[in-house]
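The values are calculated or read from the model by the stated rules, or taken from the named source; none is laboratory data. This one's a predicted model, so the numbers in the text were calculated from it and none came from an experiment. Because the Cβ atoms are built from the backbone with ideal geometry, glycine has one as well, and the counts that use them run over all protein chains shown.
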Amino acid sequence: MNLHIPPGGRISGPRLASLLGVWRRGGSRRGAGDLAAAVELQVLDGQLPLGTRLPAERELAEALGVSRTLVATALDQLRAGGIVASRRGSGSWVTAPGGGGLPPAPRSGEDLIDLARAAPPALPGLMGAVDAARRRLCAELTGHGYTGSGLLVLRERIAQRYTARGLPTTPAQVMITNGGHHGFVLALRMLVGPGDRVLVEQPTYPNAVEAIRSAHALPVPVGVNGDVQDGTGGWDLDGMEAALRQAAPRLGYFIVDFHNPTGLRLDTEGRRRLGAALARTRTPVVVDECLAELDLEGDPPDGPAPLGAFGGDWVISVGTAAKTHWGGLRLGWLRASEELISRLQATRYALDLGSPVFEQLVLAELLADPEPMLRRRRAELRTQRDELAAAVRAECPEWDFQLPSGGLSLWCRLPERMSTRLAVAAGNHGVQVVPGSRFAAHGGLESWLRLPYTEPAERLRDAVRRLSAAAASLRAGAAPAGPSWDVPVA
């Protein structure tokens, strides 16, 4: 059960009672201890986020059908364990063990809503994987802790996911990295030199363009049509084939699964054609699959096979746990031929010596039986996507978008070239967004705006109301003045 409690939100007595379920242990007379243990379990499992305000003692007692004394005793135990903090006049709230501190400030209408990062919070249940990994860590402590390409158990489970999606993979074809972007930078460092061309989509992920520029290489854009006006949407495969022949890029960077930011997905025939073109021109390509598991209308095995199934050894696949499980794990992976993995590992030694063992153990636990948690993530994102789409249609009816079947964001076409001005004006209304120009290799896209749906539904509706007000202020001729839109993008 996921009740979608936003950080700093309040949970009512009946909702908390529903979440706790059958909390009494059979035959136990330790009612207060059982209640405290049940609440602590929900906190550690992520169902009660830090900062959640708990119901008053009387309200919770009535909802649970117990005495107020029992509830008060349970809260005393939770306070002693650092799970709950209280202050007279402010009630009780969930806190970090040992954290104490002041209660979270009430959220005001001017709180900043961050729509610059398309990244969801940690999945409930992650703490269970942390506990299991902690037990497995003991076996690793007698070694030196440098895992090379990564722990075998984790590489095996990632290889199994690729095989299930239609790309047979062995653990030797997988290398664990410190996030998906880290994997791309490794490939870039190995394959591209100053002045080389890198073929990218237009629009594309901004941090990839910045990495290309940092390598003193030149991004060469080819369009991905996210214009819902003509309803065509898709990759310019003719343009890509021509660019592969004429520009002779040293590397390509594509996002073919729920493209960031358009949300589009390249179909099987398109993958076959693109893979053949890459093999024909002998062009290596990094395929960003960070969103591949976020199919909101189906399950990944039912979708098209990865591009690597069509492009062979010319394809380097990049994945991450950030978009599916939690960005704080800071783990990703590369999938390529064994020869390329060996070369990438040698390149890596100039930058770092491997990924942290404990986080790898946590991710291995999460991938032992990944579908239950991934289904929960997809269901949550599907609800938030639909809430955001409904809010945009109601508050900004002149904005157009194509409802994506997966991924994390809407790509909205604005009624005029105003994206940068709107991003600045939105800051004055408490919303942080990234203008379309940040997703362009060489500027432009001022008629587009990316809106992630990774916040709770209530916050998304509030954000769209504020964006509508910001757009209205531009129509009224107000000069936007406020915080810069040049913010980190995820």
If you check every pair at least six apart or on different chains, which have Cβ atoms under 6 Å apart with a residue in the stretch 217-234 that is assigned to a strand (DSSP E or B) first and a residue that is at pLDDT below 50 second? ASN225/THR232; ASN225/GLY233
Can you tell me which condition ALA391 does not meet? The list is (1) under 26 Å from ASN207 (Cα atoms); (2) among the aliphatic types (A, V, I, L, M); (3) over 20 Å from the mean Cα position of the chain (by Cα), and all the others hold. (1)
Hits in the stretch 373-409 (condition: closer than 17 Å to LEU264 by Cα and assigned to a helix (DSSP H, G or I)): ARG378, LEU381, ARG382, ARG385, ASP386, ALA389
Of all residues in the stretch 376-426, which are without any contact (Cβ under 8 Å) to a residue 60 or more places away in the chain, of a type outside the set (A, V, I, L, M, F, W, C) and out of contact with any Ser or Thr (no Cβ under 6 Å at 6 or more places or on another chain)? ASP386, ARG393, PRO397, GLU398, PRO415, GLU416, SER419, ARG421
Of everything in the stretch 39-60 that's of a type in the set (A, V, I, L, M, F, W, C) and surrounded by fewer than 19 Cβ atoms within 10 Å (Cβ to Cβ), which residue is modelled with the lowest pLDDT? LEU44
Which residue, of ALA187, ALA159, ALA164, is under 26 Å from the mean Cα position of the chain (by Cα), at pLDDT below 95, outside the structural domain of LEU44 (by TED's automatic domain parsing) and within 26 Å of THR268 (Cα to Cα)? ALA164
Matching residues, the stretch 166-203, being within 20 Å of VAL362 (Cβ to Cβ) and either in contact with a Cys (Cβ under 6 Å, 6 or more places away or on another chain) or touching a residue at least 60 places away in the same chain (Cβ under 8 Å) (or both): VAL174, MET175, ILE176, THR177, ASN178, GLY179, GLY180, HIS181, HIS182, GLY183
Across (1) of a type in the set (D, E, K, R); (2) under 30 Å from GLU140 (Cβ atoms); (3) part of a helix (DSSP H, G or I); (4) touching a Leu at 6+ places or on another chain (Cβ under 9 Å), GLU339 clears everything bar (4)
Scan the stretch 427-449 residue by residue and report those that are surrounded by fewer than 22 Cβ atoms within 10 Å (Cβ to Cβ), in a helix (DSSP H, G or I) and touching a residue at least 40 places away in the same chain (Cβ under 8 Å). GLY427, ASN428
State all residues of the stretch 384-419 that are surrounded by fewer than 22 Cβ atoms within 10 Å (Cβ to Cβ) and of a type in the set (Lys, Arg); if no residue qualifies, say none. ARG393, ARG413, ARG417
If I filter the stretch 332-358 down to residues being surrounded by fewer than 23 Cβ atoms within 10 Å (Cβ to Cβ) and aliphatic (A, V, I, L, M), which single residue comes out as farthest from VAL185 (Cα to Cα)? VAL357
Checking PHE310 against (1) surrounded by 16 or more Cβ atoms within 10 Å (Cβ to Cβ); (2) in contact (Cβ under 8 Å) with a residue 40 or more places away in the chain, only one condition comes out false. Which one? (2)
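When you look at ALA122, is it among the aliphatic types (A, V, I, L, M) and modelled with pLDDT under 85, yes or no? Before the answer, list the steps.
On the way: among the aliphatic types (A, V, I, L, M): yes; modelled with pLDDT under 85: no.
No, not satisfied.
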Under the condition of being among the aliphatic types (A, V, I, L, M) and outside any strand (DSSP E or B), which residue from the stretch 450-460 is modelled with the lowest pLDDT? ALA457
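For residues in the stretch 43-71 being touching a strand residue (DSSP E or B) at 6+ places or on another chain (Cβ under 9 Å) and not in a loop (DSSP other than H, G, I, E, B), which is nearest to SER92 (Cα to Cα)? I'd like the intermediate steps shown before the answer.
First, the residues of the stretch 43-71 that are touching a strand residue (DSSP E or B) at 6+ places or on another chain (Cβ under 9 Å): 43, 48-57.
Still in the list and also not in a loop (DSSP other than H, G, I, E, B): 43, 53, 57.
Values: VAL43: 14, ARG53: 6, GLU57: 9 Å.
For the stretch 43-71, the residue satisfying everything is ARG53.
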Do the conditions hold for ARG87, that is, is it surrounded by fewer than 17 Cβ atoms within 10 Å (Cβ to Cβ) and either out of contact with any helix residue (DSSP H, G or I) (no Cβ under 7 Å at 6 or more places or on another chain) or at pLDDT below 90 (or both)? yes
Within the stretch 275-323, the residues that are assigned to a helix (DSSP H, G or I) and farther than 20 Å from LEU188 by Cβ are GLY275, ALA276, ALA277, ALA279, ARG280, PRO300, PRO301, ASP302, ALA309, PHE310, GLY312
Residue among LEU329, LEU367, LEU361 that is surrounded by 17 or more Cβ atoms within 10 Å (Cβ to Cβ), among the aliphatic types (A, V, I, L, M), under 17 Å from ALA159 (Cα atoms) and within 18 Å of the chain's Cα centre (by Cα): LEU367
Which residue pairs have Cβ atoms under 6 Å apart, sit 6 or more places apart or on different chains, and have a first residue in the stretch 469-490 that is among the hydroxyl-bearing types (Ser, Thr, Tyr) and a second that is at pLDDT 70 or above? SER473/ALA425
